[in-house]
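The values are calculated or read from the model by the stated rules, or taken from the named source; none is laboratory data. All values derive from a computational prediction rather than experimental measurement. Here the Cβ is made from the backbone with ideal geometry for all residues, glycine too, and neighbour counts use every protein chain on show.
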Amino acid sequence: MRFVKLAAALTACAVVGALGTPVAVAQSACADLGGEVNAEGTCRVHVQNRTYTLTMTFPDDYPDQQALVAYLTQARDGFVNVAENPDARNLPYELDARGTGYRSGPPNGGTRSVVFTMWENVGGVRPQSYYQAFNWNVAKRAPITFDTLFKPGAQPMPVLYREVNRYLEHQLGTMNPVSEAAGLDPANYQHFALTDDELIFFFSPGQLLPPSAGPVQASVPRSAVASMLAV
């Protein structure tokens, strides 16, 4: 129950943050979270005490730093509140948020993406893992969502379902691992990243496959959907 409430709060925050305007000084994002930027340009936040361990990393050059800060602040505060609750059991708890950066196109255009792999242990039977993605259109200076990823009127779902199913068939060695209902549902494709060659989708446990399969990702060749992309 703790995880369900926390995940719901993070989802709501992600929607709000994604709609925000990038902060004027990107360098302040890492400092806002109490982190430090290393020589590779990665912000790292780490806190460890008797009740919890918290680690967050993300690229410090993502254009919409405000969205990342808003999401991670909500994740941190919700997690700490759970860990410091007097009724908390099986301490210490752990939250690990690791953001991986992706990009496509030229430096002054194209897209930028950051996908967080969230790993959380708040004393339950087993740790929870899920994804949160952020995407940015550099030329338009605007967030990219699944709804704005494709041109108006495009019908990408049959292609995405076919390519994702094919990819997971190869990875899992199982024929047609994704059901048609799940594979054609746009709600399952909200977390993605763009590169010059691929459109990568990230699926939290239970979205495309049974929860026991854990989090999975699948790559769709960009050429398969290029004519439909709006970015």
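A single member of Tyr189, Tyr161 is farther than 22 Å from Trp119 by Cα and out of contact with any Pro (no Cβ under 6 Å at 6 or more places or on another chain), and it is Tyr161. Only a single item in (1) in contact with a helix residue (DSSP H, G or I) (Cβ under 9 Å, 6 or more places away or on another chain); (2) closer than 15 Å to Ala224 by Cβ; (3) free of Cβ contacts under 8 Å to residues at least 24 places away in the same chain is not met by Met175, and it is number (2). Could you go through segment 63-84 and let me know if any residue there is free of Cβ contacts under 8 Å to residues at least 40 places away in the same chain, in a loop (DSSP other than H, G, I, E, B) and more than 26 Å from Gly206 (Cβ to Cβ). Looking through segment 63-84, at least one residue is free of Cβ contacts under 8 Å to residues at least 40 places away in the same chain, in a loop (DSSP other than H, G, I, E, B) and more than 26 Å from Gly206 (Cβ to Cβ). Is it the case, given these coordinates, that Val115 is in the same structural domain as Leu208 (by TED's automatic domain parsing), surrounded by 16 or more Cβ atoms within 10 Å (Cβ to Cβ) and of a type in the set (Val, Ile, Thr)? So Val115 fails the test.
Condition check: in the same structural domain as Arg112 (by TED's automatic domain parsing), at pLDDT 95 or above, out of contact with any helix residue (DSSP H, G or I) (no Cβ under 8 Å at 6 or more places or on another chain) and in a loop (DSSP other than H, G, I, E, B). Does Arg50 satisfy that? When the stated conditions are applied, Arg50 passes them. Determine whether Tyr52 is over 16 Å from the mean Cα position of the chain (by Cα) and of a type in the set (Phe, Trp, Tyr). Judged against the criteria, Tyr52 is a match. Scanning segment 83-100 for residues that are touching a Phe, Trp or Tyr at 6+ places or on another chain (Cβ under 7 Å) and either buried (at least 17 other Cβ atoms within 10 Å of the Cβ) or of a type in the set (D, E, K, R) (or both) turns up Ala83, Tyr93, Glu94, Leu95, Asp96, Ala97, Arg98, Gly99.
Looking across segment 43-53, the residues that are surrounded by fewer than 20 Cβ atoms within 10 Å (Cβ to Cβ) and under 20 Å from Arg89 (Cα atoms) come down to Val47, Gln48, Asn49, Arg50, Thr51, Thr53.
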